[in-house]
Amino acid sequence: MTRRTTVVSTGAYLPQRVIENSHFEATLDTTDAWIRERTGIRQRHFAAEGQGTSDLAIRAAQAALDRAGMGVDAVDAILVATSTPDLTFPSVATMVQAGLGHTSGFAFDLQAVCAGFVFGLANADAMIRAGQADRVLLIGAETFSRIMDWTDRGTCILFGDGAGAVLLEAAEGEGTSDDRGILGVDLNSDGRLKDLLYVDGGVSTTGTAGKLRMQGNLVFRQAVEKLAQTAHTALDRAGLTPADVDWLVPHQANQRIIAATAQKMQLPMDRVVLTVAEHGNTSAASIPLALATADDEGRFERGDVVVTEAIGGGMAWGSVVLRW
Ligand code: UT7
């Protein structure tokens, strides 16, 4: 028997305020048509004033618990993937713990920017397989609207706020690729690529939160090259091939990147979960939001092979393959 990490339920939360592309036409040299054509984005959500990343995370986490019909004390660990925490410390995860009334176990944040949720899945899986936890609540939550340079048309039109959560649970499998749960993981990073995508402030440098800076077309090229590669590696480790894939749930940064990755994997677009049009790029929240959206729509059947993949600042990138 092999210990596996299975998905019990999903949850999502998007702030109420919806910003359409036309919003940017008033202040920037851009158009709704350009944004749609070059990114696939139609709108994004922005958190309200005073609404922190932890507020979004708590709502998404509560939705996942409600869907599972489980109380929070059944959870051993709460992990939050975020690059936009409420405060420098404590972690958003401990704020979520307090917000949900979780009084046992442990909570911490992890930061791999847009790849944060994939890194979170891999780490939660390692903790569960090592016997450190039986149930993990993994949340991706971001308020990227707080780190935008509103004069930079190459970045501020791309990002949105939101949170998604998955409740993960240990299960016994046979140790084959027919098992439910996480079957293959591939994680990578290359710190030499820092200047392609970073925030120009921080605690030990400027003492400010800073603003996001990106060389979009260079990131685009890295993404197209690396995402299909990492998905192939994770599939290989799972003992599966692209032909076995039922759903690709990619990081939602740009529809053209997603389409290029799907094409490299020879996957038709109707097997790809797309939320980028409605959510924009919500960094670590984008995959759990997409998972929750597809789950809500009843698109995943038990036993389906689901591939997640993401790339972001660092650069850090990776893929997790699981059977629903
Ligand atoms: O989540 C982390 C990972 N991030 C990503 O995956 C983002 C990856 N990058 C992208 O999605 C795309 O590179 C962008 C959407 C950011 C830009 O699209 P692009 O097709 O790569 O455009 P580009 O940067 O090569 O720029 C082409 C032109 C430039 O004008 P010139 O120099 O040709 O006159 C830009 O200034 O498009 C211009 N441009 C815009 N025009 C209208 C850039 N942003 C805008 C805009 N509206 N919002």
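Condition check ((1) of a type in the set (A, V, I, L, M); (2) modelled with pLDDT of 95 or more; (3) within 24 Å of L79 (Cβ to Cβ)) across all residues:
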residue	(1), (2), (3)
G154	no, yes, no
E172	no, yes, yes
I182	yes, yes, yes
L196	yes, yes, no
T230	no, yes, yes
D236	no, yes, no
Q252	no, yes, yes
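Tell me, please, whether a residue that is in a helix (DSSP H, G or I), open to solvent by 10 Å² or more (accessible area, probe 1.4 Å), under 20 Å from I182 (Cα atoms) and away from the ligand (no atom under 16 Å from the Cβ) can be found in the range 299-320. No, the range 299-320 contains no residue that is in a helix (DSSP H, G or I), open to solvent by 10 Å² or more (accessible area, probe 1.4 Å), under 20 Å from I182 (Cα atoms) and away from the ligand (no atom under 16 Å from the Cβ). Could you please find all residues in the range 93-141 being within 16 Å of the ligand (Cβ to nearest atom) and not in a loop (DSSP other than H, G, I, E, B)? Residues satisfying the conditions are V113, C114, A115, G116, F117, V118, F119, G120, G140, A141.
In the range 25-59, the residue that is nearest to P15 (Cα to Cα) out of those that are away from the ligand (no atom under 15 Å from the Cβ) and part of a helix (DSSP H, G or I) is L56. Each residue in the range 31-49 was checked for being open to solvent by 20 Å² or more (accessible area, probe 1.4 Å) and of a type in the set (S, T, N, Q), and 2 of them qualify. Is at least one residue of the range 190-207 touching a residue at least 24 places away in the same chain (Cβ under 8 Å) and either over 21 Å from the mean Cα position of the chain (by Cα) or in a loop (DSSP other than H, G, I, E, B) (or both)? Within the range 190-207 (the criterion being touching a residue at least 24 places away in the same chain (Cβ under 8 Å) and either over 21 Å from the mean Cα position of the chain (by Cα) or in a loop (DSSP other than H, G, I, E, B) (or both)), the answer is yes, since at least one residue qualifies. Pairing residues of the range 248-264 that are part of a loop (DSSP other than H, G, I, E, B) and of a type outside the set (A, V, I, L, M, F, W, C) with residues that are at pLDDT below 95 and surrounded by fewer than 20 Cβ atoms within 10 Å (Cβ to Cβ), at Cβ distances under 8 Å and at least 6 apart in sequence or on separate chains, gives no pairs at all. When L187, L138, L168, L212 are checked against the criterion of being buried (at least 22 other Cβ atoms within 10 Å of the Cβ), outside the structural domain of I58 (by TED's automatic domain parsing) and touching a helix residue (DSSP H, G or I) at 6+ places or on another chain (Cβ under 6 Å), L212 stands alone in meeting it.
The values are calculated or read from the model by the stated rules, or taken from the named source; none is laboratory data. As the structure is a prediction and not an experimental result, all values here were calculated from the model. Cβ coordinates were reconstructed from backbone atoms using ideal geometry, including for glycine residues, and neighbour counts include every protein chain displayed. These area figures cover heavy atoms from the full protein model, side chains too; ligands, DNA and RNA do not enter into them. Shrake-Rupley method; radii C 1.70, N 1.55, O 1.52, S 1.80 Å.
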